[in-house]
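Read through the structure below, which is laid out as structure tokens, and then see the notes.
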Amino acid sequence: MTVTTRFAPSPTGTLHVGNVRTALHCWLLARKHGGRFLLRIDDTDLERSREEHVASIKADLTWLGLNWDGEERQSARFGLYEAQFQKLIAAGRVYRCYESAQELELKRKVLLGRGLPPIYDRAALMLSEEDHAAKAAAGETPHWRFLLDRDAQIEWTDGIRGPQHFDPAKMSDPVVRRGDGSWLYLLPSVIDDIAMGVTDVMRGEDHVSNTASQLQMFEALGAARPRFSHEALLVGTEGKLSKRLGSLGVAALRDEGIEPEALIALLARLGTSDPVDPALSAEDLAATFELSHFGRAPARFDEAELHRVNAAVVHRLPYARVAHLLPEGMGEAAWEAIRPNLEHIGEAADWWQVVTGSVTAPAFSDEDKAYLAQAESTLETTGADWPALTAALKETTGRKGKALFLPLRQALTGMDHGPDMAALLPLIGRDTALERLKRAGTH
Ligand code: GLU
């Protein structure tokens, strides 16, 4: 069976880092097995779902390179849900209830007060057809619960959490449909996972108890269950889900100069026993992706680490990947000379300015001015060849180390630090270098 995973966001907002991580893991799992990665827009909540969020979710996945092999929308599938629901009615696996939220809350409090687990008491199961008819005549519409089979223990081997066990006698029958006929998430998700041939459901551990109910729904619909894996949630460096992390999205990171490769390199390995490695491509990460390497402890997301990974990624990006983002005229040699000094691609423009624009050198001592005048005449013969220039100057002036190199760098770039001069000087070129040395040596 082809491994098929799905990422199923609800378009009620933009993706945050935690969602992106889940999407990436589903994508990696599918790619590892040469399988399919589906995008399912969970828009059963018509009130809160927005088209603009669908667009931004897709734009974020596209920017990350997480291409999907099929796309579905739950709002286009209500007919299928209705048909499957009728089967569950016929099989007696869903039932009508009328309790209001307040009534349910009261029942909960009573049970908790008696030290009992706050499980729905199934009072609605006692209603006769006459009772239902009377409710309908009074204009009451039922909501529906899924009838858990309390005689069957719920067990599965989670891809990350290992053997799981739930006792349905300790669970409430979940509400699957509201009084207005709209669907809650649980049942449509199961119907879709069956219809789409999903083999692996990977999602956050906040869904573990949903899985327990959903496994019985797969069974009630006569379908085989997919494999389930629940990953530990993402937390900030302070050990909890901070407000910033909870809303931190792809757009904000992109605006800060984070590259998709960096976000992928970090999120692919966060929470696993594998080291974060900026040298690995998405394909490499897919090939080495192992559910068994995930731990159960929360995965800590550190923005400072993301920026470090980003710098390491930028240092490796080939020219072809960045050419369209570079200033006019900045070629491959310039990119390769400059990239080791960048944290973000955007900073390349600053260094290109150092190469081609005007630079302001510091005021030099008379001794350094004489040295720079000497450098100017030496460069007349060596040309823009840094090793030749510095070797000749070392020879003639006896200078070495910082005294040899720093005034030259300052005069030629206006900076105390920066890219390797051997790579930078040819980019600055002979004529500009001569001008800059002359200015520094005489002013
Ligand atoms: N729409 C659900 C969510 O965003 C999907 C959960 C799932 O993957 O089944 O939480």
The chain, accessible surface, carbon-and-sulfur percent (1.4 angstrom probe): 52 percent
Which of rounded, prolate or oblate describes segment 356-443 when judged by the alpha-carbon gyration tensor and an a/c cut-off of 1.5? rounded
With the label point 7 Å along the Cα-to-beta-carbon line of LEU116 and a cut-off under 15 Å to each amide N, the hits in segment 147-172 are 169-172
Given the DSSP H assignment, sum -39500 (n - 2.57) over each helix run of at least 4 residues in the chain and divide by its residue total; what's the result at 222 nm in deg cm²/dmol, nearest 500? -14000 deg cm²/dmol
Considering the convex hull of the alpha carbon atoms of the chain, report its projected area averaged over all viewing directions, in nm², one decimal. 28.4 nm²
In debye to the nearest 20, the charge dipole size for segment 13-146, taken about the Cα centre with +1 at each Lys and Arg Cβ and -1 at each Asp and Glu Cβ, equals 660 debye
Translational D in µm²/s for segment 291-374 (Stokes-Einstein at 37 °C, 0.692 mPa s, Kirkwood Rh from C-alpha pairs): 204 µm²/s
Kirkwood-based Rg/Rh on the Cα set of segment 80-197 evaluates to 1.00
Express in nm, to one decimal, how much length is gained between LYS402 and ALA370 on full extension, taking 0.36 nm for each residue of separation and deducting their alpha carbon distance. 9.9 nm
Options VAL175, LEU234, LEU245, ranked by Cα towards positive dipole end of segment 135-277, top entry (Cβ charges): VAL175
What is the dipole size for the chain, taken about its Cα centre, with +1 at each Lys and Arg Cβ and -1 at each Asp and Glu Cβ, in debye to the nearest 20? 680 debye
Which whole-Hz ³J(HN,Hα) couplings does segment 301-308 yield from phi under the Karplus relation 6.51 cos²θ - 1.76 cosθ + 1.60, θ = phi - 60°, glycine and proline marked x? 9, 10, 4, 5, 5, 4, 5, 5
May I ask for the distance between the Cα centers of segment 303-348 and segment 194-219, given as a whole number of Å? 42 Å
Segment 150-254, relative contact order [Cα under 8 Å, separation at least 6], %: 27 percent
In whole percent, what relative contact order does the chain give with Cα contacts below 8 Å and a gap of six or more residues? 13 percent
Using +1 on the beta carbon of Lys and Arg, -1 on that of Asp and Glu, and nothing else charged, what's the dipole of segment 153-294 about the Cα centre, debye to 20? 540 debye
Find the relative contact order for segment 177-228 and round it to a whole percent, using C-alpha pairs within less than 8 Å whose residues are 6+ positions apart. 42 percent
Tell me, how many Å apart are the Cα centres for segment 264-290 and for segment 369-442? 43 Å
Place a point 7 Å from Cα of GLU283 in the direction of its Cβ. Which residues in segment 12-34 have their backbone N less than 11 Å from it? none
Taking the solvent-accessible surface of protein heavy atoms with a 1.4 Å probe, what is the per residue accessible area of the chain in Å²? 47 Å²
Under 17 Å from the LEU127 label point (7 Å along Cα→beta-carbon), backbone N, segment 159-203: 173-182
How large is the direction-averaged shadow of the alpha-carbon convex hull of segment 288-443, in nm²? 12.5 nm²
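The values are calculated or read from the model by the stated rules, or taken from the named source; none is laboratory data. Since the structure is predicted, the reported quantities are computational estimates derived from the model, not experimental observations. Heads up, the Cβs are rebuilt from the backbone with ideal geometry, glycines too, and the neighbour counts pull from every protein chain shown. Heads up: the accessible areas ignore ligands, DNA and RNA and are worked out on the full protein's heavy atoms, side chains in. Shrake-Rupley method; radii C 1.70, N 1.55, O 1.52, S 1.80 Å.
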